[in-house]
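To keep things clear, I will list the structure first and then write my remarks on it.
The values are calculated or read from the model by the stated rules, or taken from the named source; none is laboratory data. From a predicted model like this one, the values you see are computed outputs, not experimental measurements. In this analysis, Cβ positions are derived from the backbone assuming ideal geometry, glycine residues included, and neighbour counts consider all displayed protein chains. Heavy atoms of the whole protein, side chains included, go into the accessibility calculation; ligands, DNA and RNA do not. Shrake-Rupley method; radii C 1.70, N 1.55, O 1.52, S 1.80 Å.
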Amino acid sequence: MLKLELLQQLLVIAIALSTVTCAFIQKTKKLFKSNKHLCRYSFLVNIIIGILFCISFTTVDFPTSLWVGLFSFIGADTIFKALEGKLASHKDIVSNDLIYVKKQNLIKTEDQ
């Protein structure tokens with residue numbers, strides 16, 4: 001079962017982390033002569049700072065902090081905006097006896 005509350009919390013942490021790592025990478029990317037290794041550098045920075053950020057400011061454990069770093073690398077803000085309000089918990093899906101269908105999606109037969 002998907003832990004939606006945990007996922008939401010991790011995305012919120014990753015949004016805060018991504019602002020820090022983005023600024024850090026922008027300041028330090030001048031050290032590279034070419035942009036060839038910038039993606040790897042960004043990934044490492046997000047993972048390392050993600051671990052340190054989670055250990056310092058949250059109660060998130062080590063394996064979960066790796067996910068925070070990955071979400072930050074991918075772009076937590078974009079992920080959060082894409083998923084916001086679209087995910088329903090398993091409990092909500094199972095407990096709901098009604099199915100809602102838009103009028104435009106109704107299939108009309110000759111009998112109706």
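What the table below lists for this structure:
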read-out	value
Test for K102: is it out of contact with any Lys or Arg (no Cβ under 6 Å at 6 or more places or on another chain), at pLDDT below 75 and either charged (D, E, K, R) or open to solvent by less than 80 Å² (accessible area, probe 1.4 Å) (or both)	no
Top-ranked residue in the stretch 39-59 [being closer than 12 Å to I74 by Cα and out of contact with any Lys or Arg (no Cβ under 9 Å at 6 or more places or on another chain); ranked as surrounded by the fewest Cβ atoms within 10 Å (Cβ to Cβ)]	C39
Residue list for the stretch 17-38, restricted to those being surrounded by 10 or more Cβ atoms within 10 Å (Cβ to Cβ) and either touching a residue at least 24 places away in the same chain (Cβ under 8 Å) or more than 18 Å from F53 (Cα to Cα) (or both)	L17, S18, V20, T21, F24, T28, K29, F32, H37, L38
